[in-house]
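Below is one structure; the comments refer to it alone.
The values are calculated or read from the model by the stated rules, or taken from the named source; none is laboratory data. A quick note: this is a predicted structure, and the numbers were derived from the prediction, not measured. Every residue, glycine as well, gets a Cβ built from its backbone with ideal geometry; the counts of neighbours run over all protein chains shown.
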Amino acid sequence: MSKLLRPARVLLLGPPGSGKGTQTARLQNKFDLCGISSGDILRQHINNGTEIGQMASSIIKTGKLVPDDVMIKIISAELALRNWLSPTKSWLLDGFPRTRVQAEKLDEAELRPADARLNFVVELKVPTAVILDRIANRLVHAQSGRVYNLTYNPPKVSGVDDFTGEPLTRRPDDDPDIFAKRIEEYERLTEPLVDYYKKADNVLWSVAGDTSDVIYAQLEKEVVKRFGDRV
Ligand code: ATP
Ligand code: MG
């Protein structure tokens, strides 16, 4: 585990299937940095059958986005609960903000008043053909959110989770038609955030690659460069 010398407040941006969850997990293993994933939080609500979960489930099934006000409430509560609204804390967001309204609200209502604005926004660039291939081969352990890929990262025993032995499933929204809709929603609503964060000085950083290994190697180097690190 490496220590960061300066607080890192990180957002990972990238199309569905670009590996945000994988990069988050690897950064968390390497640095003393916690992350939250809006998709994982929503899937937990769905598994637990909460009111938010029931609403989210019907929306996610169609490939559309959950309404901004619902997402803002969920994430604001999470930031407060974790005590992250402080200029000294390091953390990472995967999947939120995902629209201009979410980004503005997060800045204005939460981060700016706490003097804790995002200082590193990572844009993951992965060719669409690679993404489509990954999704076709993706299996998940629904309870934990662990992700497997039949090609790059298969489970030790076919069809079951390495840690619990429970069955793996496909995410319902990985169905090809719904996945196409998610890509479309990304291009329409989330990609414009790249321009939003471009305006902030030196915060946006783009990284391209066909594999998560290639991307992670560059990402780790950049984190060390920006936020220092001692072993
Ligand atoms: P992947 O997990 O493959 O990277 P993704 O980023 O599209 O793909 P998740 O982040 O897991 O997937 O999100 C799944 C779904 O949850 C989205 O399609 C959307 O419906 C909903 N969702 C997640 N985060 C948000 C958000 N910030 N705003 C609105 N809806 C969201
Ligand atoms: Mg994800």
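Quick check: is even one residue across the range 4-12 under 26 Å from E187 (Cα atoms), under 12 Å from the mean Cα position of the chain (by Cα), more than 10 Å from ligand 1 (Cβ to nearest atom) and at pLDDT 95 or above? Yes, the range 4-12 contains a residue that is under 26 Å from E187 (Cα atoms), under 12 Å from the mean Cα position of the chain (by Cα), more than 10 Å from ligand 1 (Cβ to nearest atom) and at pLDDT 95 or above. Of all the listed residues (F179, F163), the sole one being assigned to a loop (DSSP other than H, G, I, E, B) and under 30 Å from I59 (Cβ atoms) is F163.
Taken over the range 38-86, the residue count meeting the criterion of being closer than 27 Å to R117 by Cβ, touching a Leu at 6+ places or on another chain (Cβ under 9 Å) and of a type outside the set (A, V, I, L, M, F, W, C) is 2. When each of D173, D229 is tested for being touching a helix residue (DSSP H, G or I) at 6+ places or on another chain (Cβ under 6 Å), in contact (Cβ under 8 Å) with a residue 60 or more places away in the chain and of a type outside the set (A, V, I, L, M, F, W, C), the lone residue that passes is D173. Name, by its number, the condition in (1) more than 16 Å from the chain's Cα centre (by Cα); (2) in contact (Cβ under 8 Å) with a residue 24 or more places away in the chain; (3) away from ligand 2 (no atom under 16 Å from the Cβ) that does not hold for N47. For N47, the failing item is (3). Within the range 19-62, the residues that satisfy the criterion of being within 10 Å of ligand 1 (Cβ to nearest atom), part of a loop (DSSP other than H, G, I, E, B) and on the phi < 0 side of the Ramachandran plot are K61, T62.
State yes or no: is K198 more than 21 Å from Q23 (Cβ to Cβ), of a type outside the set (V, I, T) and under 21 Å from the mean Cα position of the chain (by Cα)?
No: the conditions fail for K198.
Residues that are surrounded by fewer than 19 Cβ atoms within 10 Å (Cβ to Cβ) and closer than 17 Å to E108 by Cα were ranked within the range 79-95; the one that is farthest from ligand 2 (Cβ to nearest atom) is P87.
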